[in-house]
Structures are given as C-alpha cells and as structure tokens.
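Structure, as structure tokens:
The values are calculated or read from the model by the stated rules, or taken from the named source; none is laboratory data. Not measured: the values here are computed from a predicted model. As a convention, Cβ positions derive from the backbone with ideal geometry for all residues, glycine included, and neighbour counts pool all protein chains shown.
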C-alpha cells in the first residue's frame, strides 16, 4: 500500500516558468512533510519541509503548500532554472517518528 | 565535515556471493538508515538504527542484515546476493534538532549489480 504517491513520473517545464510538483498521502497520522532533490549519481538532498500546523512554507524560489483536508502537498519552483532539473521526492512522517515514507519521485526537466 | 560517506561506490557480484556495504557519518546523529532505490519505486527502507546498539526492520528487510558498529558506522550485509538485490543503496543519518526535526542526510550511494 503506497502511503505517499507522486502520480507524475515526469514533468517538463520551460526555463523561467513555474514548476509544480504534486504529492498525495493517505495516512492521516502524517504531520511532517519534506521534499528532497536528487541529481544522477548523487544522494538525495533536503530541499524544504512543512509541518501540519502550517499550510505554506517558503524558501527563496521554493514554496511548499499543504492541504490537509485533501491530504495533498505541492512544491512550487519559481522561476524554474536549468539547475532545477532533477528527480524530486516527497516524504512524510508523524512528527518525531524515526521513519520517513517516500513517494516514487518525479523527474523534472527544465528546458531552455 | 564529510557528512555521510559510503563505500564502495560500485560493486558487481555473482549470485550467492556475500558483501558488506559500509556507511559512516560525522554529524553525531543518533539515527541511521539503509534504503534501496529502484526505478519507479522511490526510496524503500531496508533497516534503521535509532541509536547505537539498536536496529529495526524497515519495509524490505529480507535478504539483508545490519550492524551498528558504533555511533558513526552502520553497515549493511548481503549474505547470499540475488539478482533481485540489484539496486542503488543509500545510507542516511537523521537530524533531530530544530528547525528540521526529521531531516535525513544521505550518502552518495552504492550501485550494486548482481549477475
């Protein structure tokens, strides 16, 4: 049973435009969410997180939105840059839990 | 400050061979993790260690064993490798201080092929 789902395996966006990556979860106990970015032949690196007490968190060009009623979160990248081309994973856990549950990942390609 | 390091980077095994993947972290984190990444499957947890001296199974533990040698080191052993264990393996350690309570830091990965 996939508790965290990223239904788009890939996304292609023009440089300078907005990239929107989506993630859905089923476990109502999840209350902390993270996004990771992964380049080829490297390990994932932490990008941004949000706890369930918020519905939005911003860090520079990156904003994560959380809709708890829909069990949905999204990552917005504005403006998109070529260096943003990577695989993005969303992850979730109950706050303070030892384990994270990851989605399948979305490959983002930024076209010049 | 190297973060999380893994050895080897690449390995090819024959079915039935054994090997140990090594992981070390220098961030003084208590918790450490082993994941495997397969196409379309995301990152799946194999085993984790909440603290020195403890280990617990994750989502896909069959065919693997782990050892938490000390606070820094967490190794993953394949006793009898199978082609289904062909994957990229990532080790991670977990930060538990604000502001990112659950942030995990990943190593560069080991790409394992079992023939």
Point to revise | Residues satisfying the stated conditions in the range A:27-41, i.e. modelled with pLDDT under 95 and either assigned to a loop (DSSP other than H, G, I, E, B) or away from chain B (no Cβ under 13 Å) (or both) | key: A:27, A:28, A:29, A:30, A:31, A:40, A:41
Revision key, fill the gap. The condition of being surrounded by fewer than 16 Cβ atoms within 10 Å (Cβ to Cβ) and touching a residue at least 60 places away in the same chain (Cβ under 8 Å) holds, among B:82, B:92, only for B:82
Review point. Is it the case that residue B:55 is more than 23 Å from residue B:103 (Cβ to Cβ) and within 14 Å of the chain's Cα centre (by Cα)?
Key: no
Review point. Within the range A:1-22, which residues are crowded, with 21+ Cβ neighbours inside 10 Å and farther than 17 Å from residue B:37 by Cβ?
Key: A:19, A:21
Study note, to complete from the structure: Filtering the range B:12-58 for residues that are assigned to a loop (DSSP other than H, G, I, E, B) and within 11 Å of chain A (Cβ to nearest Cβ) leaves a count of 8
Review point. If you check B:68, B:72, B:44, which single one turns out to be closer than 21 Å to residue B:105 by Cα and without any contact (Cβ under 8 Å) to a residue 24 or more places away in the chain?
Key: B:44
Review point. Got a sec? Which of A:108, A:75, A:100 is surrounded by 16 or more Cβ atoms within 10 Å (Cβ to Cβ) and in contact with a helix residue (DSSP H, G or I) (Cβ under 7 Å, 6 or more places away or on another chain)?
Key: A:108
Exercise for review: For the range B:59-70, enumerate the residues that are more than 22 Å from residue A:91 (Cβ to Cβ) and either outside any strand (DSSP E or B) or within 11 Å of another protein chain (Cβ to nearest Cβ) (or both).
Suggested key: B:62, B:63, B:69, B:70
